[in-house]
1. Which of the residues belonging to the range 269-292 are open to solvent by 20 Å² or more (accessible area, probe 1.4 Å), farther than 15 Å from D318 by Cα and outside any loop (DSSP other than H, G, I, E, B)?
2. Can you tell me which residue is farthest from the ligand (Cβ to nearest atom) among those in the range 92-132 that are open to solvent by 60 Å² or more (accessible area, probe 1.4 Å) and in contact (Cβ under 8 Å) with a residue 40 or more places away in the chain?
3. Select from the range 35-74 the residues that are more than 14 Å from A159 (Cα to Cα) and of a type in the set (V, I, T) and write down the one among them that is most open to solvent (accessible area, probe 1.4 Å).
4. Hey, could you check the range 212-246 for residues that are closer than 19 Å to F285 by Cα and touching a residue at least 60 places away in the same chain (Cβ under 8 Å) and say which is most open to solvent (accessible area, probe 1.4 Å)?
5. It is to be established whether one or more residues within the range 162-175 are part of a strand (DSSP E or B) and either within 16 Å of the ligand (Cβ to nearest atom) or basic (K, R) (or both).
6. With respect to A64, is the statement that it is within 24 Å of L104 (Cβ to Cβ), touching an Asp or Glu at 6+ places or on another chain (Cβ under 8 Å) and modelled with pLDDT under 95 true?
7. Tally up the residues in the range 160-183 that are more than 30 Å from H34 (Cα to Cα) and in contact with a helix residue (DSSP H, G or I) (Cβ under 6 Å, 6 or more places away or on another chain), please.
8. When you scan the range 33-57, how many residues do you find that are more than 16 Å from the ligand (Cβ to nearest atom), within 21 Å of H78 (Cβ to Cβ) and of a type in the set (G, A, S)?
Amino acid sequence: VDGEIGPADEQQEARVSLDRAWRQDMMSQHTGQHMLSRALLDVAGGETVSARLGASVSTIDIGAPALDEEAIEAVERHVNAAIMEDRPILVHFPSPAELAAMKLRREPKVDANVRVVEIAGYDLSPCGGTHCARTGQVGPVVVAGVERYKGMTRVSFLAGARSLAEQRRHRRLLAELARSFSSAVGEVPANVQKLRAELKERVDQLGSTRGELVALVADALLAASPPAGETTRVVATRPDGDLALARSLASRLARRPDVVALVATRESPAGDHQVVIERGSGAVFDCGAWLKATAARHGGRGGGRADRAEGRLPAHLDWSAVCREG
Ligand SMILES: [Zn+2]
């Protein structure tokens, strides 16, 4: 409606326009909801507690335990069979006596002038909304997802053009996945499995290589820094930005009791220093306090306990020079 119609405007002309595609979509989702609620009740014993029509996906909350894949399939089959039978959808304004004789799916929310929507031979519920004239107009109804929600089961669904759009989206996604493997769609799961197995093998290899590298680098650094009193600072810079490796290196160095390991790693010469500081059991040094003071002096952030700390310092700093401070 273009403008508002008040009681004084009875003689005025009003311009009303209807977005047919939008109306059809809402009718499809809403009628689909009636039918899916019926299927959820009859097939899965799930009574509809509330329903919501969304701009992209709609939901029905049922008071039943989570549905498994088999139950979802059975519900979908049930509702789509009734849709394809193209049953008529009728509207009734029953008398109180007629109403009392009706087996409604849920209780009416009003006391008088109850409007009942009948999906012939399928569902009977009180409703004031706009519905399709026949079930065929609903189009395919698909369950898009099932999740636990506030002690209930929330069923997301799509009807009509929306379910076709979803199907199209899935087809494109699968085609893209298949293309990335240069395989047929049906071979995608096997290819993903293969990729995962390969990845695991590489990660295992990388783990043992990293362990050997850490040992070699630590041994070389320790050899170049013989104990000089009770506390020896050992400074290391890694050019790979591999924080896990920096952590391993710091703890490996700190196995020697007199060592304070000050390890920095950066992904590129222009990148920030990611730093890990760890002390040996006999070293006199507060890692957390040192890093906090250094970050306060030069910018950056970080902190931690007395025996171990981590942080990030600005790219322009000379890490070796910083490590001689305080
Ligand atoms: Zn309705």
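1. Step one: of the range 269-292, the residues open to solvent by 20 Å² or more (accessible area, probe 1.4 Å) are 269-270, 272, 274, 278-279, 281-282, 284-286, 289, 292.
When the remaining residues are screened for being farther than 15 Å from D318 by Cα, the result is 278-279, 281-282, 284-286, 289, 292.
Correct list: E278, R279, A289, K292.
2. Here is the first cut: in the range 92-132, the residues open to solvent by 60 Å² or more (accessible area, probe 1.4 Å) are 93, 96-98, 100-101, 103, 106-107, 109-113, 115, 121, 128, 130.
Checking which are in contact (Cβ under 8 Å) with a residue 40 or more places away in the chain leaves us with 106, 130.
Details: R106: 11, T130: 8 Å.
Checking each candidate, the answer is R106.
3. V49
4. By that ranking, first place goes to R233.
5. Taking the range 162-175 first, the residues part of a strand (DSSP E or B) are none.
Checked the range 162-175: no residue is part of a strand (DSSP E or B) and either within 16 Å of the ligand (Cβ to nearest atom) or basic (K, R) (or both).
6. Working: within 24 Å of L104 (Cβ to Cβ): yes; touching an Asp or Glu at 6+ places or on another chain (Cβ under 8 Å): yes; modelled with pLDDT under 95: yes.
So A64 fits the description; yes.
7. Restricting attention to the range 160-183, the residues satisfying the condition of being more than 30 Å from H34 (Cα to Cα) are 172-183.
Among the residues that remain, those that are also in contact with a helix residue (DSSP H, G or I) (Cβ under 6 Å, 6 or more places away or on another chain) are: 174, 177-178, 181, 183.
Total meeting the criteria: 5.
8. 3
The values are calculated or read from the model by the stated rules, or taken from the named source; none is laboratory data. If you're wondering where the values come from, they're calculated on a predicted model, not measured in any experiment. Please note: Cβ atoms are built from the backbone with ideal geometry, for glycine as well, and neighbour counts cover all protein chains shown. Calculation scope for accessible area: heavy atoms of the full protein, side chains included, ligands and nucleic acids excluded. Shrake-Rupley method; radii C 1.70, N 1.55, O 1.52, S 1.80 Å.
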